[in-house]
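Each value in this text was obtained by applying a stated rule to the coordinates, not by laboratory testing. No experiment lies behind these values; they were computed from the predicted model shown. With ideal geometry, Cβ positions are generated from the backbone for all residues, glycine too; neighbour counts draw on all protein chains shown.
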Amino acid sequence: MRRPVLAVGVALALVVAGGATAVALAGASGGSAPAQVVATASGSPSAEPVGASDFCFVEAMIFYRVEADELATVVLAADGISAETRDAAAADAAHQREELDALRAWYVEWAPARPLEPTDDGACSGHGDHAAMPGIPSRSQRGALSSADGPEAEDLYLALRAGVDAGIHDLAAQTLAAPGHPLVHAEAEAAAAEVAARRA
């Protein structure tokens, strides 16, 4: 069965979902530096500034989670998929969409912290070239999955999904090894735990 070649949906990053994050501008800085924003969450004792690396982490996670959702969507449309893989893919897609709600809200609300130029620092390294992020399938790999069925589709899906997990794991580890916003560190810890659970 031939299915459309999936592509990372960058437009999804601009969809604002309701969430518990409240963000207020703390003043824009001059020159080329990004504006400072302050973020709080329900139950948070204090507001803390959001930095460029925090924004870049959120942006990268959106790409990874959209990719995971799209991979699941494609394999679910394939013929001859086992019930186990179908159930796992459906559950994964639902989870990714739930997580994306909060990430999209942060993406829009924290936009003033977006770096104006690519940097070599942390999650902002290579900022802007998300198709080249570690773990993001190539166009040819996506095409192969879109045209596969049965065990071939399952094997391709699992391999590509594992690649996305590897990218998420590295991003989370990199983020947790550096200073960052508590909300971002909590998201990185949760993402790392998800990867560990899938690998178990």
Calc'd 3J(HN,Hα), segment 184-196, phi into Karplus 6.51 cos²θ - 1.76 cosθ + 1.60 (θ = phi - 60°), Hz, glycine/Pro = x, comes to 5, 5, 5, 5, 5, 5, 5, 5, 5, 5, 4, 4, 4
Stretched fully, the stretch from ALA178 through ASP101 gains (0.36 nm per residue minus C-alpha distance, one decimal, in nm) 25.2 nm
From fewest to most C-beta neighbours within 10 Å, the residues THR85, THR73 line up as THR73, THR85
Final fewest-first order of PHE55, PHE63 on the 10 Å Cβ neighbour count is PHE63, PHE55
Computed from the beta carbon distance with a Förster radius of 41 Å, FRET efficiency for ALA83 and ALA190 to the nearest 0.05 stands at 0.90
Given a Förster distance of 22 Å, the FRET efficiency implied by the Cβ-Cβ spacing of ALA111 and ALA197, rounded to the nearest 0.05, works out to 0.10
Which residues qualify? For VAL50, with a placed amide H closer than 5 Å and at least 5 residues away or on another chain, they are VAL37, VAL38, ALA39
Listing CYS56, CYS124 by rising number of other beta-carbon atoms within 10 angstrom, fewest first, gives CYS124, CYS56
